[in-house]
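In what follows, a single structure is set out as structure tokens and then discussed.
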Amino acid sequence: MEECLTGALVPAVKPEPKPSSVEASADPGSNDMDRPAHEKGLTEVDKDLLCPICMQLVKDAFLTACGHSFCYMCIITHLRNKSDCPCCAQFLSTNQLFPNFLLDKLLKKASARQISKSASPVEHFRQALQQGCEVSIKELDTLLTLLAEKKRKMEQEEAERNMQILLDFLNCLRKQKVEELNEVQTHLQFIKEDIGAVERRRMDLYRARDRYSVKLRMLGGDDSISGARKSWPSSIDNNTSSLSGRAGMSSWNLQSKKLDGWGLQKKDALSASDSQYMTQSGLAVARKKRVHAQFDELQECYLQKRRQMANQPYTQQERDKNVIQREGYTTGLADFQSVLTTLTRYSRMRVIAELRHGDLFHPANIVSSIEFDRDYELFATAGVSRCIKVFDFSSVVNDPADVHCPVVEMPTRSKLSCLSWNKFTKNHIASTDYEGIVTVWDVNTRQSVMEYEEHEKRAWSVDFSCTEPTRLVSGSDDCKVKVWCTRQETSVLDIDMKANICCVKYNPGSSNCIAVGSADHHIHYYDLRNPSQPLHVFTGHKKAVSYVKFLSNYELASASTDSTLRLWNVKENIPVRTFKGHTNEKNFVGLTVNGEYIACGSETNEVFVYHKEISKPVTWHRFGSPDLDDTDDDAGSYFISAVCWKSDSPTMLTANSQGTIKVLVLAA
């Protein structure tokens, strides 16, 4: 898969060539920087005062034998190359050059006049004094008094301006801090209201638990329920004294009964109760640690949801849809509780099954795509081994055998890049390959149903529509997106783009909207009813967009070789969040989503899982190789190449470039 993004590389922009030194020296105005400032300022100058060579005011005028005047350096430079006059082309040598004193005087007078026009009154006065103008002491005293008054006035104005600047700054700072204070007070009010709501909700849960315990006692009797009461202490009882009482009772029973049968049973029951209680306590502590580890992100998530809910008035219908209908328990708080619960529920990924894809003697075992079928009973794999393999998921998970055989194998002519199951017809699956062929297969007959060969280059992606069973879309290195119908032999729609197409995906709620990830670093969102231009172009990635996946009808996740994932809102056309933690600079490493989590591979041979509300990874799992040591030089060259969630469950299929497939499950 090292060649995965060969066609998706964006060419570097060539810098504009800088002018050479020869060209710079040939510029007639190149020696303009050497001119005095007053000469540059002359706007209306007699053409006779300009040097015919540099077209600037003559400097150090010299007259030729033929009667033309030039700058001394200009004519000397000219005569080094040619022996003629630049104006009349008569023969000319350095011996025929004479100083033009009259022209120099005229030039000096012209410069003096120009300076006098632009000089300030102070400059005029200074020049007059320098030229010996006589001024009496009384006149000097008057001038000094005026100057002192002028100085004091200017200092006063300067001080007033400085004070005004300082006052403006302080007012701006006060406004900003007042806004921050108001925001903090608003946040504190949110927190106060929510603490009250959560406390009331918790007391309701305690009372419901106690009522449940009483009902169990009435139904089962005191003896049968005593163990349950001890393992689930009442909110009114003191947990510490209850545990101490149980420990004392257990010790007394062991001594008085001399470890008879009843005593052993009582001890086992109490030990199980204490163990269960300690396990629950340990889980609670672990979940609290996860909260503190992501505290800043969780804080921003909570405040964002509360602000959104505060700015959007609720209707009665929206309140009826609320999961927890309690006074003061807002939808925003309920949403955040859901985020907090799902985020802290898991801390690691556990391997529950593992298998090898391909032959041990076949060096090319990279799994490019791995996908579940409609009912999540079968999953198919494809890659550079030129074969689609279909496995039974339950057999892979439940069968302890070291080698798992596929239930279906379908050989192909070329290396495969992508798979997509039909969301309606369970036995239909589509594939794209390195020759640009889009194929629809029947898994039951193991034969191709349709083959489309319109793409001119390697096709990277294919996807069946979730709402229209006969429609599928594909993207290729030929910069074209093609929409197909399984009832027709040719494409029904073409979209020509300017860069290679790396991925395509239908919106799950519409057969008319597709997202296209391109090598131009952008995501183009199209309505197929008007394909001439996209509805919106999402910008933000710095390299090619390798995957796009929809979490819902309006949430779109994307992956790029800039080592980031991004979440977008296609309804409001805005970026939502950027996820960082994994490494992806050149390969297709996979992307999969479910309702809450986004998972992707990494070029460090690791699988990363993100919660959609938090930009940092929740957990990750590193692939280990049974054949290679971690110290082996080749171990670092492997990367995750495909990932796929099993619906909205915590179970995920993962594969790497070595051909190892693992079934992972999120665990506490």
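The values are calculated or read from the model by the stated rules, or taken from the named source; none is laboratory data. From a predicted model like this one, the values you see are computed outputs, not experimental measurements. Every residue, glycine as well, gets a Cβ built from its backbone with ideal geometry; the counts of neighbours run over all protein chains shown. In case anyone asks, the SASA skips ligands and DNA or RNA and just uses the protein heavy atoms, side chains included. Shrake-Rupley method; radii C 1.70, N 1.55, O 1.52, S 1.80 Å.
How many Å² of accessible area per residue for segment 48-131, probe 1.4 Å?
Working: 5550 Å² over 84 residues.
Roughly 66 Å² per residue, with all protein chains present.
Leaving ligands, DNA and RNA out of it, report the carbon-plus-sulfur percent of the accessible area of segment 48-131 at a 1.4 Å probe. Summing carbon and sulfur atoms, their accessible area is 56 percent of the total for segment 48-131. Amide H contacts for LYS59 (H built 1.01 Å from N in the peptide plane; partners 5 or more residues away or on another chain; cut-off under 5 Å): CYS71, TYR72. In this structure the amide hydrogen of VAL449, modeled in the peptide plane, comes within under 5 Å of the amide hydrogens of VAL440, TRP441, ASP442, none closer than 5 places in sequence on its chain. Heavy-atom accessible surface of ARG113, to the nearest 10 Å², is about 140 Å², with a 1.4 Å probe and all protein chains retained. A DSSP coil position with no more than 15 other Cβ atoms inside 10 Å describes the following GluC sites (Glu not before Pro) in segment 353-433: GLU377. Note on ASP104 and PHE91: the model spin-label points, each 7 Å out from Cα along the C-beta direction, lie 2.9 nm apart. Pairs from the table (LYS305/LYS542; LYS549/LYS586; LYS389/LYS580; LYS150/LYS175; LYS305/LYS482; LYS150/LYS177) lying more than 31 angstrom apart at Cα are LYS389/LYS580; LYS150/LYS175; LYS305/LYS482; LYS150/LYS177.
The lysine pair tally for segment 48-131, using Cα distances under 26 Å and a gap of 8 or more places or different chains, is 8.
Short-range pairs are left out: with C-alpha atoms under 8 Å and at least six residues apart, the relative contact order of segment 48-131 is 26 percent.
Heavy-atom accessible area, probed at 1.4 angstrom with all protein chains present, ranks HIS404, HIS522, HIS357 as HIS522, HIS404, HIS357, highest first.
Computed over protein heavy atoms with a 1.4 Å probe, the accessible surface of segment 478-583 works out to 41 Å² per residue.
Accessible area per residue for segment 361-471, computed on protein heavy atoms with a 1.4 Å probe, is 43 Å². Kirkwood radius and radius of gyration were both taken over the C-alpha atoms of segment 519-655, and their ratio Rg/Rh is 1.01. Rounded to whole numbers, the Karplus 3J(HN,Hα) couplings from phi for segment 661-668 are 10, 10, 9, 10, 9, 5, 9, 6 Hz, using 6.51 cos²θ - 1.76 cosθ + 1.60 with θ = phi - 60°, and x at Gly and Pro.
Kirkwood analysis of segment 48-131, using all unique Cα-Cα pairs, places the hydrodynamic radius at 14.4 Å.
Quick check: Cα centre of segment 420-456 to Cα centre of segment 470-502, how many Å? Segment 420-456 and segment 470-502 have Cα centres separated by 14 Å. When a 1.4 Å probe is rolled over the protein heavy atoms, the share of accessible surface on segment 473-582 that falls to carbon and sulfur comes to 44 percent.
Using 0.36 nm per residue of separation minus the Cα-Cα distance, give me the extension gain between ASP494 and TYR554 in nm, one decimal.
19.2 nm
The amide H of VAL492, built 1.01 Å from its N in the peptide plane, has VAL483, TRP484, CYS485 as neighbours under 5 Å, considering only residues 5 or more places off or on other chains.
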